[in-house]
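Here's the structure, in structure tokens; my notes come after.
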Amino acid sequence: MRKVYRGRDVEVSFDLDICIHVGECLRGDRQVFKLDRRPWVLPDAGEAEVIAQVVERCPSGALQYRRLDGGDQEKFAEITTITPMRDGPLLVTGRVEVRHDDGTVETLPRATLCRCGLSEHKPFCDNQHLVTRFRAPGVPFKIHLSEVRLRPDRPISKTEDPRRFD
């Protein structure tokens, strides 16, 4: 379920169900994205352009933005690409159309899709590949340890994620 944080110049939305906890948001603008407060996203605490750049680094599409100040909206890549992440999910960029079980359709600019077959939130990755030490070739991807992801070798459940209270 997508939660919306509306600011004066930009609106940021977050879907905890598809977050793979890479930590780009927490390394981005620390005034905007901060776990030890509620709400954890304050769009008015930063510049819309910087917020857009941080959100676009989110590989899963869990974070998205909508500019309210007339600035450029996030564009879908013209060509959809699928890149296997080493020992992890498929990183998809472009126009990703997801049909949910309830029949709704969501179009994402990026997504991380399960490749190990163990995700409890298919087609999205939920990091269950860490439990079984899934191994597969692909491009290395840096996972930044943060207040959400304290260890790189195990998945974070929704109940452990402090953003669930927002």
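Throughout, read-outs are computed from the coordinates displayed, never taken from laboratory work. Everything quoted here is computed from the prediction, not taken from an experiment. Because the Cβ atoms are built from the backbone with ideal geometry, glycine has one as well, and the counts that use them run over all protein chains shown.
Here are a few things to note about the model shown:
- Applying a DSSP loop filter and a limit of 11 other Cβ atoms within 10 Å to the GluC sites (Glu not before Pro) in the range 33-110 leaves GLU78.
- Each of ASP44 and ILE79 was given a label point 7 Å from its Cα along the Cα-to-Cβ line. The distance between the two points is 4.4 nm.
- With the alpha-carbon atoms of the range 2-67 aligned to their principal axes, the span from lowest to highest coordinate is 27, 24, 20 Å, starting with the largest.
- The alpha-carbon atoms of the range 81-130, seen along their principal axes, cover 30, 23, 10 angstrom, with the largest extent given first.
- Sites excluded, trypsin sites (Lys or Arg not before Pro) in DSSP loops with at most 16 other C-beta within 10 Å, longest stretch of the chain: 87-132
- Amide H contacts under 5 Å for LEU63, placed H, 5+ residues apart: ASP15
- Debye, to nearest 20: dipole size of the chain, +1 on Lys, Arg Cβ, -1 on Asp, Glu Cβ: 540
- Computed from phi, the 3J(HN,Hα) profile of the range 19-31 under the Karplus parametrisation 6.51, -1.76, 1.60 (θ = phi - 60°) reads 6, 9, 6, 6, x, 4, 5, 6, 8, x, 8, 6, 7 Hz, with x in place of Gly and Pro.
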